[in-house]
Amino acid sequence: MLPPDLLDALVAIVGEPNVRIDEASLVTYGTDALKRGHPAEAVVLPADTSQVAKVVAQCAEHRVPFVPRGAGTGYTGGAVPLHGGVVISLERMNRILEIDEANLLAVVEPNVITGDLQTAVEAVGLFYPPDPASLHMSTIGGNVAECAGGPRAFKYGTTKQYVLGLEAVLPTGEVIETGGKVVKNVVGYDLTHLLVGSEGTLAVITKIILRLVPKPPVQATLRASFKSVEDAVAAVSEVIRRRVVPATLELIDGESLEAVAKNLGVRSLAPPGTAAILLLDVDGSAQAVAEDADRVEAACVAVGAIEVLRAKHEAERAELWRVRRELSLSLKMVTPLKFNHDVVVPKGRIPELFALVSRIRDAYRLRIPLFGHAGDGNIHVNIMVMPDDAEEIERAHEAEKVLFEGVVALEGSISGEHGIGFSKAPFLPIELSPDEISLMKRVKLAFDPHNLLNPGKMFPE
Ligand SMILES: Cc1cc2nc3c(=O)[nH]c(=O)nc-3n(C[C@H](O)[C@H](O)[C@H](O)COP(=O)(O)OP(=O)(O)OC[C@H]3O[C@@H](n4cnc5c(N)ncnc54)[C@H](O)[C@@H]3O)c2cc1C
């Protein structure tokens with residue numbers, strides 16, 4: 001139970017309708033896409049930065065933990081109030097404050113939905129490239145906190161490449177501004193990029209200045225089918241060797257394709273003998289796109305593609321992408337629970353990652369379909385389990401550890417997109433040394449001396 005005078009203070013700051021203590025809200029705001037939640041003790045919906053600062057100051061004074069929350073689509077439990085306390089939902093702070101066409105930037109409040117920002121800037125011929133698959137649900141604040149990425153990362157980078165400046169409330173209640181509207185700024189430590197990817201453990205982000213780029217006028221989509229993952233990865237190298245940087249370069253394995261086919265009620269989605277497909281987008285001027293598409297096709301054929309399809313119009317593009325869009329849902333239809341790991345390896349080592357997963361599949365008797373962003377080596381390893389099979393879940397957890405150790409041995413990382421939260425915190429020492437973890441803990445302490453902001457995340461407890 002929260003101290004009654006804290007509740008009174010919260011109501012005085014944001015108004016009674018914006019403090020929720022009913023059971024349904026406490027449970028709903030206590031979970032995210034990981035689906036392993038812990039109820040909040042109160043949910044507070046501030047309207048602006050000054051209210052956020054006052055809420056934070058009150059929580060700090062009462063030594064009550066607090067957790068910032070965007071849309072709750074995180075996959076690692078980042079927005080879960082693991083130690084109870086107050087969830088600060090930024091959902092009322094959802095305005096696009098400025099689209100500055102002259103300076104190619106946008107200023108937004110944290111809970112603008114990513115897809116809404118993309119639509120707004122594209123209406124004036126600009127482009128915000130980061131495109132997590134959750135873009136129609138997740139928020140820019142959550143994307144910044146997680147440094148979200150997506151299929152376009154290989155060509156355009158991830159969220160961090162687009163954050164120029166931030167306004168944020170420190171866990172002690174002060175408001176700071178980092179970076180700004182300029183592209184060049186080398187004054188002091190780069191606090192902006194310390195906060196990007198800090199998973200809501202260092203500050204509550206209340207305003208974001210984002211870099212935009214001109215919208216590429218033309219896009220083309222190709223789909224190439226291969227008889228092995230090795231061939232598909234060889235095609236990726238060959239495409240790059242021919243000096244094409246595709247806007248997206250997605251790899252989907254045979255098991256994932258089968259799941260989509262089953263879900264769509266078709267016999268097969270690719271020619272017989274297909275073990276992997278690549279979905280590629282190229283973008284730019286009409287002439288560049290036509291030339292790049294030719295080079296991509298030639299590269300795929302050169303390494304032995306069984307088939308290369310090129311969309312002739314928008315409807316065909318959508319059709320080629322359908323298999324990727326249907327993936328998540330299709331896998332869930334096959335097995336209701338999946339442990340979705342977003343590991344990343346240097347792209348030349350993707351075949352070794354597939355071999356590692358193949359060994360894990362056999363050793364732990366698990367279904368593990370794979371798909372992901374081949375251009376940047378970020379592969380989603382989906383360990384599929386039945387929720388009521390405790391023994392299978394146990395095997396899956398053992399397999400996770402072997403996977404993470406193997407990925408680090410391949411010079412990779414245990415998370416390319418979803419962050420650590422609390423679900424991956426026990427695995428942090430697999431990738432980071434004791435000295436690195438100790439330094440990060442000292443950074444956390446400098447921001448948050450009483451460990452009140454999102455406790456229980458990032459570091460093993
Ligand atoms: C179907 C689906 C597909 C997905 N695809 C991708 C993908 O392609 N790429 C990818 O990177 N991720 C993906 N994700 C994961 C998730 O969408 C991202 O991590 C996203 O950035 C989370 O945004 P959110 O608004 O939901 O944040 P939340 O889940 O609400 O919060 C995530 C973290 O950010 C912190 N946070 C939120 N807002 C703030 C703020 N204003 N200030 C400080 N901290 C804050 C929270 O405390 C928490 O630690 C996917 C998730 C789903 C469900």
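Summary table
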| item | result |
| --- | --- |
| Å² per residue, accessible surface of the chain at 1.4 Å | 42 Å² |
| All aspartates and glutamates inside 20 Å of K262 as judged from Cα atoms, apart from same-chain residues fewer than 8 positions distant | D253, E319, E326 |
| Of K160/K184; K184/K215; K155/K424; K160/K457; K35/K332, those spanning more than 18 Å from alpha-carbon to alpha-carbon | K184/K215; K155/K424; K160/K457 |
| Cross-link reach list, aspartates and glutamates versus K441, counting only Cα pairs under 20 Å and skipping chain neighbours closer than eight places | E146, D190, E199, E431, E461 |
| Within the accessible area of the range 335-430 (1.4 Å probe), percent carbon and sulfur | 56 percent |
| The chain - percent relative contact order, Cα under 8 Å, separation 6 or more | 15 percent |
| Modelled label reach - A446, point 7 Å along Cα→Cβ, the range 418-438 residues with backbone N closer than 19 Å | 433-438 |
| Percent accessible area from carbon and sulfur atoms, the range 198-278, protein chains only, probe 1.4 Å | 53 percent |
| For I13, solvent-accessible area (1.4 Å; no DNA, RNA or ligand), Å² | 30 Å² |
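The values are calculated or read from the model by the stated rules, or taken from the named source; none is laboratory data. Treat the numbers as computed from the prediction; the structure is a model and nothing was measured. No Cβ is skipped: glycine too gets one built from the backbone with ideal geometry, and neighbour counts run over all protein chains shown. Quick note on the areas: whole protein, heavy atoms, side chains included, nothing else; ligands and nucleic acids left out. Shrake-Rupley method; radii C 1.70, N 1.55, O 1.52, S 1.80 Å.
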